[in-house]
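The values are calculated or read from the model by the stated rules, or taken from the named source; none is laboratory data. From a predicted model like this one, the values you see are computed outputs, not experimental measurements. All Cβ positions, even for glycine, are placed from backbone atoms using ideal geometry, and neighbour counts span all protein chains on display. Accessible surface areas use protein heavy atoms only, side chains included; no ligands, DNA or RNA. Shrake-Rupley method; radii C 1.70, N 1.55, O 1.52, S 1.80 Å.
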Amino acid sequence: MTAVDDRATAASSADGGPRMEVGNARRRKEDAHLLTGRTTWTDNMTLPGMLHLAILRSPMAHAKITRIDASEAKSRPGVIAVFTGQDFAETQGDIPCAWPVTADMVNPGHPSLAVTQVNHVGEAVAVIVARDKAAAQDALEAVDIDYEQLPAVLDMEAALAEGADLVHPNTTSNKSYTWVFESGAAGTGQPIDDVLNAAEVTLKRRFIQQRLIPAFMEPRSTVVQPVGEGFTMWSSTQVPHILRTMLALTVGVPEHKVRVIAPDVGGGFGGKLQVTPEEVICALVARKLGKSVKYTESRSESVMSAHHGRDQIQDITITARRDGTVTGLDVHLLANMGAYLRLVSPGIPVLGAFMFNSIYKFDAYRFTCDGVFTTKTPTDAYRGAGRPEATFAIERIMDELAAELDMDPMELRRKNWIRHEEFPFTTVSGMTYDSGNYEAATDKALSLLGWDELIAEQARRRASKDPVQLGLGISTFTEMCGLAPSRVLGALSYVAGGWENAAIRVLATGKVEVITGVSGHGQGHETAWSQIVADQLGVPFEDIEVIHGDTQSAPKGMDTYGSRSLVVGGIAVVKAAEKVVEKARAIAAHMLEANPDDLDFAGGNFSVKGSPGNSKSIQDVAFATFTAHDLPDGIEPSIDSDATFDPANFSFPHGTHLCAIEVDTETGRATIRKYVCVDDIGEVINPLIVEGQVHGGLAQGIAQALYEEAVYDAEGNLTTGSFVDYLVPSAADLPSFITDRTVSASTTNPLGVKGVGEAGTIASTPAVVNAVVNALRPYGVNDIQMPCTPERIWRALSEGAEKSSPAAAGTVAHGGASTSSSDGSDAAEGGRL
Amino acid sequence: MIPASFDYVRPSSIAEAVQAVGSAGEDAKVLAGGQSLLPVLRLRMSYPDTLIDLGGIAELRGVREDADAIVIGSMTTHDEVTRHPLIKQYAPLLAQATETVGDRQVRHLGTFGGSLSHADPAGDLPTVALTLDAQLHVEGPNGSRVIAAKDFFLDYLTTALEPGEILTAIRIPKLGEGWSSHYEKFNRVAQAWSIVSVAAVVRRDNGAIAESKIGLTNMGSTPLRASAVEGALVGAVVSPEAIGEASSHAAEGTNAPSDLSGRADYRNHLAKVLTKRAVLAAAHR
Ligand SMILES: Cc1cc2nc3c(=O)[nH]c(=O)nc-3n(C[C@H](O)[C@H](O)[C@H](O)COP(=O)(O)OP(=O)(O)OC[C@H]3O[C@@H](n4cnc5c(N)ncnc54)[C@H](O)[C@@H]3O)c2cc1C
């Protein structure tokens, strides 16, 4: 439960000092306009003479385009033009990939409109331009295309095999890259092979990270208006700044002639961290015709064309001493890139490279990842991006190791995690964790769950062969947030930095504008930034306006993803505010006829040390600066400031998530009975926003564990093409979460914050699956492939004894890269309507 | 997506509607709540040139008592069905099953008649109509007729409605003294369709089942009655063992589909488990 208070809780703090905004559960400033519709979604935009686009998409997973005849479509009523890839072959460039993870990474190129070949179902092949949206969509079926079908490439292992069909004719294999980290070579630990060879206990497991669809609420939408030599684009994007730079490079318009605006954006979860073919197509068409254009996707288009997430095969080897001390971790990933490399596709699994070792102390570690091309929708960032996959694998295999050693899974974790007195701690993957207290979070979580009573209940149900069994699952996780120190990004071959910018303007009337380079799309930046600045400058929360998401009004930034907004962008705001105060101090000193060093600044007032009555408010200073009638010599008439902040390190939130789940052994249904999480995200700016982020994150992580999976059939069609078959759980399907926090302030930033945007998603998936497996272990079950559907659980139970034999160690009913749902349930045609 | 363009007619009486359907010809479609039809049109899986909207016909809406039955207008929305006192009293199975349909928005627009006419075997209400031995009143160019539910559902999305015919009302016999019912729905998320569901209506006599009607959702191309179970239940003591034994016949004579939400063998298994649960729950009401 979180107390909600619109006003500051008290006029002053207990010690009589000024009231503080940070820490208050303020209701979000932005909600009123979002909820009442007094807002601007991209699709609401209407410009004079605007034309509408409809995109014709490939019905084939893999085919050569042998002929396109658009003449009939061009003659349809209301149609202005039809363009195909050939029309833009010279001008469209390639969708940029900003993360060439290795020097020899293969990037076959990614045209926005397919020119000679299609490589996944849903790929754009032609665009209709018409006077209205209906006319554009009506003309889609009049475009006549001949395809010469090629074999679909769906299974990653088959795709890498000798003689496999190639996705791209201009490559020699379906492998894009191999990225390796090894602790011996890196000097962060012992050589892995030594440790593997000397192991007392070795456990190998294969886990499947199923493919997920980001499923943001607002479908993607783009409006482009040609302006002079360049254009303005409104787009439902997380990354207006990255988009601006990349668009300039892709379509060849100078960067200063491109303006990108992300108006209110209805969610992204990484799915809008992209430079999309649709955005490029809009820019190309608008420029070609000299007209404003709009394109808004349907949900059906979104699920097959917007990038997907996850989709890895994880082969994990863990070694330990018989006493339970872990020694080595060897990770091999096959990461499905899909048909193309998009903005950060290759880097997503690599972001997990530093997190497989998690909170544990390994002697040696190796991470190898092969990026693989298939004829499926490209993958890229999805909430957590690499870290949920890593956390899942380590937390699952810790449970399996505990079972192997006949140890309590929590005892195994305690034995191996970094103790709180050991911070700062440099891990075997080379990360330095600044702070944390795994003991504290875990103890709190255990008591909130009522672990001991539930264990007793589990024993009773086991003894009585209750058809409903109880399972308890643990996830003691950490993650790296705050993407990112620019130097680290450089070392990882990312083509940009990870700094963030903020500017503060104090207006004549004392009101304050905060310009931020992060681009919120549902997170509550406006509220949180207002709270931070209210404290920094001592001005009322209501007097602050936060400006973001427009490259003209908020010109400098690296946008919102990777739980970076507060940890990097929020710190930039603090730095800018500090500069404002310093500039104001000089002017206040002049007004108070005192030495600047003799002034105190508190609660928005500069006062002369020792005589608090003798003071000037920051608003007084702002007005004096505005009139500039009497400023000290040589001082500029402005207290506005800006700052660019580059973090020295990531931040490392952590926490303990516990899940109690009831598994109905007759139907296979798993129902979460109780879910407890104790997150340590450092200091909290707004507990209500944190609560919202945690709840939403949990929902998405639980969704991976129990509900969601993008399934392709043997021809490469996405059979989960609508929300009838791609099951996104709602509040009705989830328990009431019990959330709490511990606070180990981050030592690497002045607010002590760590980031919370992805924590729930990263932590919850293994907690839930561990609980399901824990419930069923007496039945000989040691894994269930995600999502743990009732059918999969039922099958695992039916086949349990057989599957638990060592030879079959690994996933139950594993279907490789799943050319069909790995249960073979590929018969689904269409869905319910 | 936007549907292809169509003409739109909104008659205000059944007679006008029949007339409008007749004159619109082959490619006309009747529009009820639109909860199944509109997605079909938006995905351009169907291109009717005329839609005849039944939403303006007051006489198609509402619930009334008629001797030993209740009569429900075909355009009565799911939401009205779940809240109507006559239905709660005389056909609680229908109220219970309808409450599981989709979500609140769907239930405020979707109609009982639309659901039966659409005849999706995964739909919950066709099963209820079949289990309760409903009579379907139909009005068409050749006048009116009554079709028993058991003769109405012919195949996947196919009913006994002739071209031009409109379903006007559904007559459901009142649940008699000593009868009780339960709808056991099994789906994966709250708004999802049934993987398998079971409707059970039973009459208890002296601690045993005297009579029963068992309906199955999504175990074939139409809703089905589990007649082997109905037979086996006669005289079965109300105990998990005896009911379980009778329920083990639930998959007999069915033809369950295999799709993303379950292969046929899993559905066969579910049918048995859920039948047992439905019968026990009904018998304990
Ligand atoms: C998100 C969602 C979830 C759903 N979940 C479920 C569920 O769990 N269980 C379930 O049972 N259903 C479910 N449905 C379907 C819902 O019950 C629909 O309302 C129902 O299937 C169709 O009713 P309608 O009134 O909307 O009919 P419409 O969509 O308007 O029409 C459906 C078809 O029936 C024809 N028709 C309609 N009325 C008549 C009439 N009086 N005479 C002749 N023909 C007619 C139409 O021409 C059309 O072919 C769901 C729908 C949605 C959108």
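A few remarks follow.
- Selection within the stretch B:171-191 - closer than 18 Å to B:THR82 by Cα and among the hydrophobic types (A, V, I, L, M, F, W, C): B:ILE172, B:LEU175, B:ALA190
- Which numbered condition A:SER58 fails, given (1) touching an Asp or Glu at 6+ places or on another chain (Cβ under 9 Å); (2) among the polar types (S, T, N, Q); (3) farther than 25 Å from A:LEU341 by Cβ: (3)
- Any hit, the stretch B:47-65, residues being open to solvent by less than 70 Å² (accessible area, probe 1.4 Å), within 14 Å of chain A (Cβ to nearest Cβ) and polar (S, T, N, Q): no
- Test: residue in the stretch B:73-91 that is closer than 23 Å to B:LEU157 by Cβ and within 14 Å of chain A (Cβ to nearest Cβ): no
- Unique match (being out of contact with any Phe, Trp or Tyr (no Cβ under 9 Å at 6 or more places or on another chain) and within 9 Å of the ligand (Cβ to nearest atom)) among B:LEU51, B:LEU38: B:LEU38
- Residues of the stretch B:99-137 satisfying the condition of being more than 22 Å from B:ARG267 (Cα to Cα), in contact with a His (Cβ under 9 Å, 6 or more places away or on another chain) and either open to solvent by less than 10 Å² (accessible area, probe 1.4 Å) or of a type in the set (A, V, I, L, M, F, W, C) (or both): B:VAL106, B:LEU109, B:GLY110, B:THR111, B:PHE112
- Residue satisfying condition, being open to solvent by 10 Å² or more (accessible area, probe 1.4 Å) and over 22 Å from A:SER493 (Cβ atoms), within set A:THR391, A:THR317: A:THR317
- In the stretch B:171-191, the residues that are closer than 28 Å to A:PRO735 by Cα and modelled with pLDDT of 95 or more: B:HIS182, B:TYR183, B:GLU184, B:LYS185, B:PHE186, B:ASN187, B:ARG188, B:VAL189
- Enumeration of residues in the stretch B:164-189 that are closer than 30 Å to B:TYR266 by Cβ and in contact with a Leu (Cβ under 8 Å, 6 or more places away or on another chain): B:SER181, B:HIS182, B:TYR183, B:GLU184, B:PHE186, B:ARG188, B:VAL189
- Residue in the stretch A:719-731 that is more than 18 Å from A:PHE216 (Cα to Cα) and crowded, with 18+ Cβ neighbours inside 10 Å present: yes
- Just one of the listed residues (B:LYS213, B:LYS150) is more than 14 Å from chain A (Cβ to nearest Cβ), farther than 19 Å from B:HIS284 by Cβ and open to solvent by 20 Å² or more (accessible area, probe 1.4 Å), and it is B:LYS150.
- Selection within the stretch A:86-106 - under 18 Å from A:ASN170 (Cα atoms) and open to solvent by less than 10 Å² (accessible area, probe 1.4 Å): A:ILE95
- Among the candidates A:LEU727, A:LEU658, residue that is more than 16 Å from the ligand (Cβ to nearest atom), at pLDDT 95 or above and outside the structural domain of A:ALA622 (by TED's automatic domain parsing): A:LEU658
Let's see how each residue does on (1) modelled with pLDDT of 95 or more; (2) within 11 Å of chain B (Cβ to nearest Cβ); (3) more than 22 Å from the chain's Cα centre (by Cα):
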| site | (1), (2), (3) |
| --- | --- |
| A:LEU776 | yes, no, yes |
| A:TYR779 | yes, no, yes |
| A:ASP783 | yes, no, yes |
| A:PRO790 | yes, yes, yes |
| A:ILE793 | yes, yes, yes |
| A:SER821 | no, yes, yes |
| A:GLY830 | no, yes, yes |
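- Selection count where residues are assigned to a loop (DSSP other than H, G, I, E, B) and not hydrophobic (A, V, I, L, M, F, W, C), scope the stretch A:395-453: 12
- Leading residue by the ranking (nearest to the other protein chains (Cβ to nearest Cβ)) among those in the stretch B:162-174 that are away from the ligand (no atom under 11 Å from the Cβ) and touching a helix residue (DSSP H, G or I) at 6+ places or on another chain (Cβ under 9 Å): B:ILE172
- Tabulated pairs, the stretch B:176-205, first at the interface with another protein chain (Cβ under 9 Å from one of its Cβ atoms) and part of a strand (DSSP E or B), second open to solvent by 30 Å² or more (accessible area, probe 1.4 Å) and at pLDDT 95 or above, C-beta under 9 angstrom, 6+ apart or interchain: B:PHE186/A:ARG669
- Note on the stretch B:92-161: enclosed strands (runs of 3 or more DSSP E) holding 1 or more residues that are in contact with a helix residue (DSSP H, G or I) (Cβ under 8 Å, 6 or more places away or on another chain) and either more than 9 Å from the ligand (Cβ to nearest atom) or of a type in the set (D, E, K, R) (or both) are B:135-140, B:153-155.
- Test: residue in the stretch B:78-91 that is within 10 Å of the ligand (Cβ to nearest atom), in contact with a strand residue (DSSP E or B) (Cβ under 6 Å, 6 or more places away or on another chain), not basic (Lys, Arg) and not assigned by TED's automatic domain parsing to the domain that holds B:ALA200: no
- Tabulated pairs, the stretch B:115-129, first more than 12 Å from B:LEU157 (Cβ to Cβ) and away from chain A (no Cβ under 13 Å), second within 6 Å of the ligand (Cβ to nearest atom) and assigned to a helix (DSSP H, G or I), C-beta under 6 angstrom, 6+ apart or interchain: B:LEU125/B:SER115
- When B:VAL71, B:VAL9 are checked against the criterion of being within 21 Å of B:GLU162 (Cβ to Cβ) and among the aliphatic types (A, V, I, L, M), a single residue qualifies: B:VAL9.
- Summed over the stretch A:403-424, the residues that are out of contact with any Gly (no Cβ under 8 Å at 6 or more places or on another chain) and either open to solvent by less than 40 Å² (accessible area, probe 1.4 Å) or in contact (Cβ under 8 Å) with a residue 24 or more places away in the chain (or both) give a count of 8.
- Check on B:ALA271, under 21 Å from the mean Cα position of the chain (by Cα) and under 17 Å from A:ILE793 (Cα atoms): yes
- Selected residue [open to solvent by 30 Å² or more (accessible area, probe 1.4 Å), within 14 Å of chain A (Cβ to nearest Cβ) and within 18 Å of the chain's Cα centre (by Cα)] from B:SER221, B:SER258: B:SER221
Condition check ((1) more than 26 Å from the chain's Cα centre (by Cα); (2) not in a helix (DSSP H, G or I)) across all residues:
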{"residue": "A:PRO169", "(1), (2)": "yes, yes"}
{"residue": "A:ASP193", "(1), (2)": "yes, no"}
{"residue": "A:VAL224", "(1), (2)": "yes, yes"}
{"residue": "A:THR237", "(1), (2)": "no, yes"}
{"residue": "A:HIS241", "(1), (2)": "no, no"}
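- Listed by position, the strands (runs of 3 or more DSSP E) enclosed by the stretch A:49-135 that each have at least 2 residues that are under 33 Å from the mean Cα position of the chain (by Cα) and touching a residue at least 24 places away in the same chain (Cβ under 8 Å) are A:51-57, A:124-130.
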